[in-house]
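What follows is a set of notes on a single structure, which appears directly below.
The values are calculated or read from the model by the stated rules, or taken from the named source; none is laboratory data. Only a predicted model underlies this, so the values are computations on that prediction, with no experimental measurement involved. Neighbour counts are summed over all protein chains in view; Cβ atoms, including those assigned to glycine, are modelled from backbone coordinates with ideal geometry. Heads up: the accessible areas ignore ligands, DNA and RNA and are worked out on the full protein's heavy atoms, side chains in. Shrake-Rupley method; radii C 1.70, N 1.55, O 1.52, S 1.80 Å.
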Amino acid sequence: YIRRSRGYFAIGVSHPKTHENIGTLLRSADAFEAAYVFLIGRRFRKQASDVWSSWKRIPVFEFADVDKLRESLPYSCPLVGVEIDPRAQPLSGFVHPERACYLLGAEDHGLTAHERNRCHSLIVIPGSRCLNVASAGTVVMYDRAAKAEARRIA
């Protein structure tokens with residue numbers, strides 16, 4: 001196993017509505033080489049949508065709330081919320097931290113105000129409507145990988 005870039009990232013969802021989305025997010029996290037996946041407020045179980053059995057390669061952590069997640073963040077690893085919020089920076093201009101933990105909100109209500117306030121920064125994916133949580137996570141991971149590749153070859 002050879003790591004392609006410096007740094008690392010994790011991605012997770014607060015109070016996910018469906019387990020299937022977590023399986024799909026886990027599969028994408030495996031493809032984009034996430035360090036780990038996490039859930040806030042919901043227990044993980046293996047999903048048919050994770051056709052690669054990514055849970056065998058990527059740890060899945062569970063946290064009771066965003067404060068417990070913040071307590072567990074590695075040194076110098078900011079929490080980046082992905083949310084439609086007036087304070088959020090558009091993903092297109094966002095410079096991903098070398099180390100980052102991305103937090104996505106539930107499909108039906110997004111991140112709570114408390115969760116948004118606990119994030120070090122907020123980003124928003126452009127579009128006229130919000131995306132499915134697994135799709136939004138995949139877009140963020142792709143953006144991180146594409147920008148890292150562009151820096152590498154520049």
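For region 90-121, give me each residue that is in contact with a strand residue (DSSP E or B) (Cβ under 8 Å, 6 or more places away or on another chain), over 24 Å from Glu33 (Cβ atoms) and surrounded by 12 or more Cβ atoms within 10 Å (Cβ to Cβ).
Correct list: Ala106, Leu111, Thr112, Glu115, Arg116, Arg118.
I'd like to check something: does region 68-78 contain any residue that is within 20 Å of Ile125 (Cα to Cα) and modelled with pLDDT of 95 or more?
Yes, some residue in region 68-78 is within 20 Å of Ile125 (Cα to Cα) and modelled with pLDDT of 95 or more.
Restricting the search to region 49-67, which residues are charged (D, E, K, R) and modelled with pLDDT of 75 or more?
Hits for region 49-67 are Glu62, Asp65, Asp67.
Counting only residues that are touching a strand residue (DSSP E or B) at 6+ places or on another chain (Cβ under 9 Å) and crowded, with 16+ Cβ neighbours inside 10 Å, which one in region 37-48 is modelled with the lowest pLDDT?
Phe44
Residue by residue through region 97-121, note down the ones that are of a type in the set (Asp, Glu) and assigned to a helix (DSSP H, G or I).
Answer for region 97-121, where residues must be of a type in the set (Asp, Glu) and assigned to a helix (DSSP H, G or I): just Glu115.
Of all residues in region 122-154, count the ones that are in a loop (DSSP other than H, G, I, E, B) and open to solvent by 90 Å² or more (accessible area, probe 1.4 Å).
Residues flagged as in a loop (DSSP other than H, G, I, E, B) and open to solvent by 90 Å² or more (accessible area, probe 1.4 Å) within region 122-154 amount to 5.
Can you tell me which residue within region 1-27, out of those that are touching a Ser or Thr at 6+ places or on another chain (Cβ under 7 Å) and open to solvent by 20 Å² or more (accessible area, probe 1.4 Å), is modelled with the lowest pLDDT?
Looking at the filtered set, the residue picked out is Glu20.
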